[in-house]
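S.K.: Pasting a structure below so you can have a look.
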Amino acid sequence: MRRRSDRTLAFTLVEVMVALAIVSIALLAALRAAGQGTGNVGELRTRLFAGWVAANVMAEHRARGDWLPLGIQRGSQYQSGVEFRWREEVTALPSPAFRRVDVLVFTASEESHSSARLSGILAQPQSARR
């Protein structure tokens, strides 16, 4: 009788194989999720740098006290060794003392899709109002 009770406490080979299959499926799913996360790092890095480029363009105008002409201007800038191209669109507002500036930033290789966009308002400098 004792032999029978020892046998019921042990796992069979089929039970062990099923448990291993379940664990391997769970590990593969976790590995796939981690792989997708690292694949997005490059895109997030590009968007972060593009946002910095847009902020730099806007900050330069504010620091210099620029009064930009209406229309579209283009330029390029390097951020962390990556070249970005930017386009700024300057439009008039109802008040002639203010202008809206929209800065769109693109990677040098893909100008059909913007990586960042920043909008701001520039006030006409006191010296230009007189």
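S.K.: One residue is enough: does the range 104-111 have a residue meeting the conditions among the charged types (D, E, K, R) and modelled with pLDDT of 95 or more?
M.R.: Of all residues in the range 104-111, those among the charged types (D, E, K, R) come to 110-111.
Now restrict to residues that are modelled with pLDDT of 95 or more: none.
No, because not a single residue in the range 104-111 is among the charged types (D, E, K, R) and modelled with pLDDT of 95 or more.
S.K.: Mind listing whichever residues of the range 60-71 are surrounded by 12 or more Cβ atoms within 10 Å (Cβ to Cβ) and of a type outside the set (Lys, Arg)?
M.R.: Let us first name the residues in the range 60-71 that are surrounded by 12 or more Cβ atoms within 10 Å (Cβ to Cβ), namely 61-62, 65-68.
Residues satisfying the conditions are His61, Gly65, Asp66, Trp67, Leu68.
S.K.: Hey, another quick one. Kindly indicate the residue of the range 92-130 that is loosely packed, with under 12 Cβ neighbours inside 10 Å and among the hydroxyl-bearing types (Ser, Thr, Tyr) and also farthest from Leu70 (Cα to Cα) among those meeting that condition.
M.R.: By that ranking, first place goes to Ser109.
S.K.: Scanning for something in a helix (DSSP H, G or I) and either of a type in the set (Val, Ile, Thr) or out of contact with any Pro (no Cβ under 8 Å at 6 or more places or on another chain) (or both), does the range 66-79 turn up at least one residue? Outline the logic, then answer.
M.R.: Kept after step one, since they are in a helix (DSSP H, G or I), are these residues of the range 66-79: none.
No, there is no match, as no residue in the range 66-79 is in a helix (DSSP H, G or I) and either of a type in the set (Val, Ile, Thr) or out of contact with any Pro (no Cβ under 8 Å at 6 or more places or on another chain) (or both).
S.K.: Could you please give the count of residues in the range 33-48 that are within 22 Å of Glu83 (Cα to Cα) and in a helix (DSSP H, G or I)? Even if it seems obvious, please write down each step before you answer.
M.R.: Of the residues in the range 33-48, the ones within 22 Å of Glu83 (Cα to Cα) are 39-48.
With the extra rule that they be in a helix (DSSP H, G or I), the set shrinks to 39, 41-48.
Residues meeting the conditions: 9.
S.K.: So, one more: Assuming Leu68 fulfils every condition listed in (1) touching a residue at least 40 places away in the same chain (Cβ under 8 Å); (2) within 14 Å of the chain's Cα centre (by Cα) apart from one, which condition is it?
M.R.: Among (1) touching a residue at least 40 places away in the same chain (Cβ under 8 Å); (2) within 14 Å of the chain's Cα centre (by Cα), the lone unmet condition for Leu68 is (2).
S.K.: Right, here's the next one. Six or more apart or on different chains, Cβ under 7 Å: which pairs go from a residue in the range 27-48 that's not assigned by TED's automatic domain parsing to the domain that holds Ser80 and surrounded by 10 or more Cβ atoms within 10 Å (Cβ to Cβ) to one that's part of a helix (DSSP H, G or I) and not aromatic (Phe, Trp, Tyr)? Could you list them?
M.R.: Qualifying pairs under 7 Å: none.
S.K.: Tell me, which strands (runs of 3 or more DSSP E) lie completely within the range 81-130 with 2 or more residues that are out of contact with any strand residue (DSSP E or B) (no Cβ under 6 Å at 6 or more places or on another chain) and in contact (Cβ under 8 Å) with a residue 12 or more places away in the chain?
M.R.: Correct list: 82-92.
The values are calculated or read from the model by the stated rules, or taken from the named source; none is laboratory data. Quick caveat, the model's predicted, so the values are computed rather than measured. Cβ atoms come from the backbone with ideal geometry, glycine included; neighbour counts cover every protein chain shown.
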